[in-house]
Amino acid sequence: MKRALVTGITGQDGSYLAELLLAKGYAVHGLVRRTSTPNLERIQGILSRVTLHPGDLLDGGSLAAVLGKVRPHEVYNLAAQSFVPASFSQPLFTGDVTALGAARLLEAIRQRDPGIRFYQASSSEMFGKIRETPQRETTPFHPRSPYGVAKVYGHWIAVNYRESYGLFACSGILFNHESPRRGLEFVTRKITDGVARIRLGLARTLELGNLDAQRDWGFAGDYVEAIWRMLQQKEPRDFVIATGQSHSVREFVEKAFAHVGLDWRKHVVVSKRFFRPAEVDYLVGDAAKARRLLKWKPRVEFEDLVRMMVDADLARLGGKRIERARRA
């Protein structure tokens with residue numbers, strides 16, 4: 001039985017990946033930071049089938065200890081400080097976790113077992129101020145946030161360990177991928193949560209930032225399939241994972257409000273406090289390499305993704321509205 005270690009297992013991607021690995025017969029282990037209030041909500045349904053280990057990307061010793069205990073065949077590094085706005089207010093912490101955390105994990109693998117196959121979660125935010133459209137594996141990076149800068153370091157340190165030490169290390173340059181498990185601080189989930197609250201009478205307005213920013217949005221459940229396929233190849237390679245279609249935040253808003261029969265213009269308030277200091281205006285990926293070598297393509301369409309997220313938030317908040325009415 002193959003053993004996999006997943007950092008960030010309690011996050012959106014980690015939870016979907018863990019479910020996929022379990023379905024494929026893996027023994028799944030997850031790295032979790034010790035916190036006073038652990039957030040295991042996303043993996044609650046599989047909690048009895050995975051093994052969690054305390055550890056931290058800030059602590060190389062803990063990483064080496066977990067590797068020695070689990071002896072994984074594959075390691076998926078999905079953990080990061082991944083909220084772009086927070087990276088502007090916490091640039092040093094973002095760099096320590098997102099950039100140097102990847103280096104600590106790679107070094108622990110090199111010392112413990114260089115035969116481990118390693119996946120690094122790279123990001124389309126690395127492209128930032130884009131040099132060409134669409135963006136592909138050979139497109140130069142020009143990150144526009146401390147998060148993007150940190151991800152560039154994590155990406156290149158994986159390349160360096162592959163070329164210097166012969167590690168099977170590869171990176172997936174994933175464009176934006178969403179789901180009902182997305183954190184509420186991210187704009188897509190903020191939108192669908194806000195739409196559900198307004199539709200249920202729990203709120204009247206939704207404050208947002210730049211509505212003109214355009215992103216290549218896919219479904220996280222589709223993207224973890226590509227992640228797994230990368231580590232099943234004969235040779236380690238880096239891949240762009242994307243839908244090849246770009247949509248504006250405004251379009252996401254329109255679709256979400258229309259799904260519940262509301263006019264977004266009556267509820268959305270644009271606030272400058274939600275604008276980034278340096279904006280990434282337009283991202284769209286070319287996943288031709290992944291289609292050709294991984295035999296991968298996205299299944300969930302943009303409009304279906306929006307509806308899926310709105311419906312999930314309606315279901316979640318609908319129960320809260322009923323409970324509030326009972327208390328009243």
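The values are calculated or read from the model by the stated rules, or taken from the named source; none is laboratory data. Keep in mind the model is a prediction, meaning the values are calculated, not measured. Here Cβ is always computed from backbone atoms with ideal geometry, including for glycine, and neighbour counts include all displayed protein chains.
Scanning the stretch 191-205 for residues that are touching a strand residue (DSSP E or B) at 6+ places or on another chain (Cβ under 8 Å) and small (Gly, Ala, Ser) returns a single hit, GLY194. Under 20 Å from GLN81 (Cβ atoms), not in a helix (DSSP H, G or I) and not hydroxyl-bearing (Ser, Thr, Tyr), is that true of LEU63? The answer is no for LEU63. Of the residues PRO91, PRO140, PRO134, the single one that is modelled with pLDDT under 95 and on the phi < 0 side of the Ramachandran plot is PRO91. When you check GLY209 against the structure, is it at positive phi, in contact (Cβ under 8 Å) with a residue 60 or more places away in the chain and either surrounded by fewer than 23 Cβ atoms within 10 Å (Cβ to Cβ) or among the hydroxyl-bearing types (Ser, Thr, Tyr) (or both), yes or no? Against the criterion (at positive phi, in contact (Cβ under 8 Å) with a residue 60 or more places away in the chain and either surrounded by fewer than 23 Cβ atoms within 10 Å (Cβ to Cβ) or among the hydroxyl-bearing types (Ser, Thr, Tyr) (or both)), GLY209 does not qualify. Quick check on the stretch 30-49. Is at least one of its residues in contact (Cβ under 8 Å) with a residue 40 or more places away in the chain, in contact with a helix residue (DSSP H, G or I) (Cβ under 8 Å, 6 or more places away or on another chain) and part of a helix (DSSP H, G or I)? Checked the stretch 30-49: at least one residue is in contact (Cβ under 8 Å) with a residue 40 or more places away in the chain, in contact with a helix residue (DSSP H, G or I) (Cβ under 8 Å, 6 or more places away or on another chain) and part of a helix (DSSP H, G or I). Filtering the stretch 142-174 to residues that are farther than 17 Å from PRO277 by Cβ, among the aromatic types (Phe, Trp, Tyr) and out of contact with any Pro (no Cβ under 6 Å at 6 or more places or on another chain) leaves TYR153, TRP156, TYR161, TYR165.
For GLU125, the test of being surrounded by 24 or more Cβ atoms within 10 Å (Cβ to Cβ) and either among the basic types (Lys, Arg) or part of a helix (DSSP H, G or I) (or both) is passed. Among the residues of the stretch 148-194, just one is among the aromatic types (Phe, Trp, Tyr) and modelled with pLDDT under 95, namely PHE186. Looking at this structure, is ALA103 touching a helix residue (DSSP H, G or I) at 6+ places or on another chain (Cβ under 6 Å), among the small types (Gly, Ala, Ser), closer than 24 Å to GLY154 by Cα and in a helix (DSSP H, G or I)? Yes. For the stretch 151-174, the condition holds for no residue, the condition being that it is surrounded by 22 or more Cβ atoms within 10 Å (Cβ to Cβ), among the polar types (S, T, N, Q) and under 18 Å from VAL280 (Cβ atoms).
Restricting attention to the stretch 236-278 and to residues that are assigned to a loop (DSSP other than H, G, I, E, B), touching a Phe, Trp or Tyr at 6+ places or on another chain (Cβ under 8 Å) and not β-branched (Val, Ile, Thr), the residue that is surrounded by the most Cβ atoms within 10 Å (Cβ to Cβ) turns out to be ALA242. In the set GLY154, GLY201, GLY148, only one residue is in contact (Cβ under 8 Å) with a residue 24 or more places away in the chain and in a loop (DSSP other than H, G, I, E, B); that residue is GLY201. Which one is surrounded by the most Cβ atoms within 10 Å (Cβ to Cβ), of the residues in the stretch 1-58 that are farther than 16 Å from ALA79 by Cβ and among the acidic types (Asp, Glu)? Step by step, filter the stretch 1-58, then rank; the result is GLU19. The residue that is surrounded by the fewest Cβ atoms within 10 Å (Cβ to Cβ), counting only those in the stretch 128-145 that are under 21 Å from PHE83 (Cα atoms) and free of Cβ contacts under 8 Å to residues at least 60 places away in the same chain, is HIS142.
With respect to the conditions (1) in a helix (DSSP H, G or I); (2) within 24 Å of ALA18 (Cα to Cα); (3) small (Gly, Ala, Ser), SER82 lacks only one, and its number is (1). Every listed requirement among (1) aromatic (Phe, Trp, Tyr); (2) in the same structural domain as LEU314 (by TED's automatic domain parsing); (3) out of contact with any Gly (no Cβ under 9 Å at 6 or more places or on another chain) is met by TRP228 save one, (2). Does the stretch 109-121 include one or more residues that are under 21 Å from VAL280 (Cβ atoms) and without any contact (Cβ under 8 Å) to a residue 60 or more places away in the chain? Yes, the stretch 109-121 contains at least one residue that is under 21 Å from VAL280 (Cβ atoms) and without any contact (Cβ under 8 Å) to a residue 60 or more places away in the chain.
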